1. State whether one or more residues within region A:265-273 are surrounded by 13 or more Cβ atoms within 10 Å (Cβ to Cβ), outside any helix (DSSP H, G or I) and either modelled with pLDDT under 85 or of a type in the set (S, T, N, Q) (or both).
2. Name the single residue, out of those in region B:246-289 being within 14 Å of chain A (Cβ to nearest Cβ), in a loop (DSSP other than H, G, I, E, B) and hydroxyl-bearing (Ser, Thr, Tyr), that is surrounded by the most Cβ atoms within 10 Å (Cβ to Cβ).
3. Go through A:VAL96, A:VAL171, A:VAL198, A:VAL113 for me and flag whichever is of a type in the set (A, V, I, L, M, F, W, C) and more than 14 Å from every other protein chain (Cβ to nearest Cβ).
4. Within region A:220-232, does at least one residue satisfy the condition of being within 14 Å of chain B (Cβ to nearest Cβ) and of a type in the set (Asp, Glu)?
5. Being surrounded by fewer than 20 Cβ atoms within 10 Å (Cβ to Cβ), more than 30 Å from A:LYS124 (Cα to Cα), touching a residue at least 12 places away in the same chain (Cβ under 8 Å) and not assigned by TED's automatic domain parsing to the domain that holds A:ASN151: is that true of A:GLU211 here?
6. Can you tell me how many residues within region A:100-116 are touching a residue at least 40 places away in the same chain (Cβ under 8 Å) and among the hydroxyl-bearing types (Ser, Thr, Tyr)?
7. I'd like the full set of residues that are touching a residue at least 60 places away in the same chain (Cβ under 8 Å) and within 25 Å of B:ALA27 (Cβ to Cβ), limited to region A:64-91.
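The values are calculated or read from the model by the stated rules, or taken from the named source; none is laboratory data. The model shown is predicted, which means the values in this text are computed figures rather than measured ones. As a convention, Cβ positions derive from the backbone with ideal geometry for all residues, glycine included, and neighbour counts pool all protein chains shown.
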Amino acid sequence: MSQPSQPSDPSPASPATSAPLSPASLVYAGTGDYIAAPELMQTVNVAVQLSRPLLIKGEPGTGKTMLALSIAQGLQVPLITWSIKSTTKAQDGLYVYDTVQRLYDGQFGEGDVADIARYIKLGKLGEAFASPERVVLLIDEIDKADLEFPNDLLWELDRMEFYIPETHENVAAVHRPIVLITSNAEKELPDAFLRRCVFHFIEFPGEAMMERIVRVHVPDLDRTLLDMAIEAFYWVREISGLQKRPSTSELIDWVQVLAGGGVPPKEIRRRLPFMGVLLKKDRDVELAVKALERNRR
Amino acid sequence: MFTRFFFLLRAYGVPVTVTEWLALMRALAAGLALNDLDRFYSLARAVLVKSEAFFDQYDQAFLAAFGGIETPAEIADEVWEWFKDPLAFPGLTEEERRRLVEALGEVDLDELRRLFEERLAEQTEAHHGGSRWVGTGGTSPFGHGGVHPGGIRVGGRSRSRTAVKVAAERRYRGYRTDVEVGTRQFELALRRLRQLSSRNESLPDELDLDETIEETADNAGRLSLVWRKSRKNAVKVLLLMDVGGSMDRYATLCSNLFTAANRSTHFKDLRFSYFHNCVYDWLYTDARLVNRSAVATNHVLHELPADYKLILVGDAAMAHSELVSRYGIIWWGEMNEEPGIEWLRRLRRHFDHSVWLNTIPADEWDRAYGAGTIRLVRDVFPMYELTVDGLTAAVKKLMVRY
């Protein structure tokens, strides 16, 4: 059972393989308020050129959603955002047929009930396809949705079109939208879906960058304390075998607890006070304690 | 050398498919990276590798393939060698070959070639003799020699080293260990554990068309909407896991199953408890089996109705006495008045559906340590190995009455 229930998986022969290349004039070069790494810029351009969705993965707070905004600004095209929730279905992105409104209108004789198109409301994906100009479509946090969700969109994202049986209408993209998909890696995505994407992983920020991030959230912090906390934080992240490595938000909580608890900065690295704020799993705490003991010897 | 990269990637464990490889070819043909090995490094990675968990393997494969390369021109030649006869690509399975033929039917090779040569021309003109491309011109099998017949590499700093250096740094080593690979498949298997029922506590949220027509007709044509509850999964699950001792070596496997079950939001109810080696009078809600987390097994049986689906996870390998003897429990100071096997039978009788997932592979059950107790446990519970296939079979078993 390697790939169960893939509705339509035309694999290498998929239309995306032969999709037309975008005009070379669309080149993203970053914008003033968002400094993209050269590698990221290149990957964006590769995805645009190949007309493939760009999958952006990275820990929370690494600027995934901001990137979409920046691409839209940089290329001077509108941005359409589709935020995914755990209850979102693929169909929601295409269109919704408002039967109830139509029944009521029929009852009270309002509007032209015979015109079904009046009751078809396009979803975000539909909007992006129907737009007369090229747009950037952001599918935000795709991993929040149901397991099968990405598979349900394979056909539509490949062909950039879908059919509305109620009105016998075909909604096809006038210009293939630039599709950006973000994921926090809460769930693994299906292989068939991944094969079609261009992938970029935004790396975890380095120490200098991290200091700036923490400063934004907690402005008035003792300098030594912050330095020590960050040093200890990266040390903890390096402990091998952790099930869940602490991320930015945990560090921000931790420095606040440290500052509030009046812990002398020198003690931080030696004892890791309030370790529970950083590590959420029992096994991880045990590993950290062992690593501390090894260190002291 | 270029096709070797593909096989090196696979050999290092990066799951690259022919679809992605073709996409890379298209990108290269469109001139997205050929003149720069740095860009080739990140381009190929963006197109071929879909998880940071494989970045390290990618780096290693890259190093092995291009470690000694001076210019990417050599890559260009290789790409076209490949395009000349794509089916000579060695090591493909029949299925892949068939798909490749299909795919290539759609890729217009002449068009690609035209594009490629256009870019090549643009590039050489733009760089006006400073590019390595000049060198390729003369030796390329496509005879783009008109631009610079000499075929000499004229200056231009080779930046190829940096990509190789980046690869050699192996910066992504850390991402290998902490990414769980395989939970998705467990999740998909667990997902089949589903019995839809509209008898649930949710609010009516679906339009019942038949009833609406009926009611409206009764109402002399005045619209009367009837709503019904949407169908939800009614399956409830009790997961009992063996921890400690011989189970330690399966910790990752069990943790994957645990994660998968935990993420399966579709169950109506999901309970976890732990035991060590065999179930006796007490179960534990904490995996460390501390006393304050103990719950009487009888209490659990009393509390949970028979329609909970019971999944036991363990190796079922223990000392004979632990299973069949009174006071057989392995812990000092604990006394079990009834042998473990009686408790197992009681669980089996209480729940309508139950299975045992064994962490030991099925083909070793007869000769592994504990083969005797495995056999006894198998007499009580239908047993499956804890693999994706085993879990799928077990889930099937849980859906039908024995």
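1. Within region A:265-273 (the criterion being surrounded by 13 or more Cβ atoms within 10 Å (Cβ to Cβ), outside any helix (DSSP H, G or I) and either modelled with pLDDT under 85 or of a type in the set (S, T, N, Q) (or both)), the answer is no, since none of the residues qualifies.
2. Applying the filter and picking the extreme gives B:SER264.
3. On the way: A:VAL96 fails: more than 14 Å from every other protein chain (Cβ to nearest Cβ); A:VAL198 fails: more than 14 Å from every other protein chain (Cβ to nearest Cβ); A:VAL113 fails: more than 14 Å from every other protein chain (Cβ to nearest Cβ).
After applying the criteria, what remains is A:VAL171.
4. Our first condition is that a residue be within 14 Å of chain B (Cβ to nearest Cβ); within region A:220-232, this holds for none.
Among the residues of region A:220-232, not one is within 14 Å of chain B (Cβ to nearest Cβ) and of a type in the set (Asp, Glu), which makes the answer no.
5. On the way: surrounded by fewer than 20 Cβ atoms within 10 Å (Cβ to Cβ): yes; more than 30 Å from A:LYS124 (Cα to Cα): yes; touching a residue at least 12 places away in the same chain (Cβ under 8 Å): yes; not assigned by TED's automatic domain parsing to the domain that holds A:ASN151: yes.
In short, yes.
6. 0
7. Once the filter is applied, which keeps residues that are touching a residue at least 60 places away in the same chain (Cβ under 8 Å) and within 25 Å of B:ALA27 (Cβ to Cβ), region A:64-91 yields A:LYS64, A:LEU67, A:ALA68, A:ILE71, A:ALA72, A:LEU75, A:VAL77.
Residue by residue, here is whether (1) in contact with a Pro (Cβ under 6 Å, 6 or more places away or on another chain); (2) at pLDDT below 85; (3) not in a loop (DSSP other than H, G, I, E, B) holds:
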{"position": "A:LYS187", "(1), (2), (3)": "no, yes, no"}
{"position": "A:PHE193", "(1), (2), (3)": "yes, no, yes"}
{"position": "A:ILE213", "(1), (2), (3)": "no, yes, yes"}
{"position": "A:VAL216", "(1), (2), (3)": "no, yes, yes"}
{"position": "A:LEU226", "(1), (2), (3)": "no, no, yes"}
{"position": "A:LEU242", "(1), (2), (3)": "no, yes, no"}
{"position": "A:LEU251", "(1), (2), (3)": "no, no, yes"}
